[in-house]
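Note sheet for the following structure.
The values are calculated or read from the model by the stated rules, or taken from the named source; none is laboratory data. Everything numeric in this text was worked out from a predicted model, so none of it was measured. All Cβ positions, even for glycine, are placed from backbone atoms using ideal geometry, and neighbour counts span all protein chains on display.
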Amino acid sequence: MFFGTHLDLSILAGDLGFRPSATLGFGDDLTLLAISPDLVYRYPVPDIGRLYAGGILTMQVVFMEAESEFEIGWHAVAGLELDEYPLFLEAAIGLDDAPDVKVGIGYTLLAR
């Protein structure tokens with residue numbers, strides 16, 4: 001199980017944007033805190049919102065029973081941002097030292 005949000009900061013060029021995110025995950029006797037400074041490309045979907053795809057590195061701290069571990073990994077992300085509500089549907093695939101698969105619904109801070 002995980003909880004997360006992303007922050008819609010800016011459009012860099014055209015539909016390319018910077019969208020950092022934070023995730024807190026629980027399971028298998030560990031806790032994961034991940035911060036990801038994602039770059040995403042948005043594709044408008046009339047009357048619904050925007051599809052997006054992108055990714056970059058993810059920095060995470062894994063907390064186990066008596067120790068913690070810092071890791072840097074890569075992931076690819078795709079999803080849908082809704083126009084009417086500050087919500088998004090998202091799927092991410094870990095490419096290296098990141099969770100293998102992550103699917104969820106989240107809340108967008110500073111939605112445009």
Step by step: first the residues of the range 1-10, then only those that are touching a residue at least 12 places away in the same chain (Cβ under 8 Å) and either assigned to a strand (DSSP E or B) or out of contact with any Leu (no Cβ under 8 Å at 6 or more places or on another chain) (or both), then the one that is farthest from LEU82 (Cα to Cα). Which residue is that? MET1
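Conditions (1) closer than 16 Å to VAL62 by Cβ; (2) surrounded by fewer than 18 Cβ atoms within 10 Å (Cβ to Cβ); (3) touching a helix residue (DSSP H, G or I) at 6+ places or on another chain (Cβ under 9 Å); (4) modelled with pLDDT under 90, marked per residue:
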| residue | (1), (2), (3), (4) |
| --- | --- |
| LEU7 | no, yes, no, yes |
| LEU12 | no, yes, no, yes |
| ARG19 | no, no, no, yes |
| ALA22 | yes, yes, no, yes |
| PRO37 | no, yes, no, yes |
| PRO46 | no, yes, no, no |
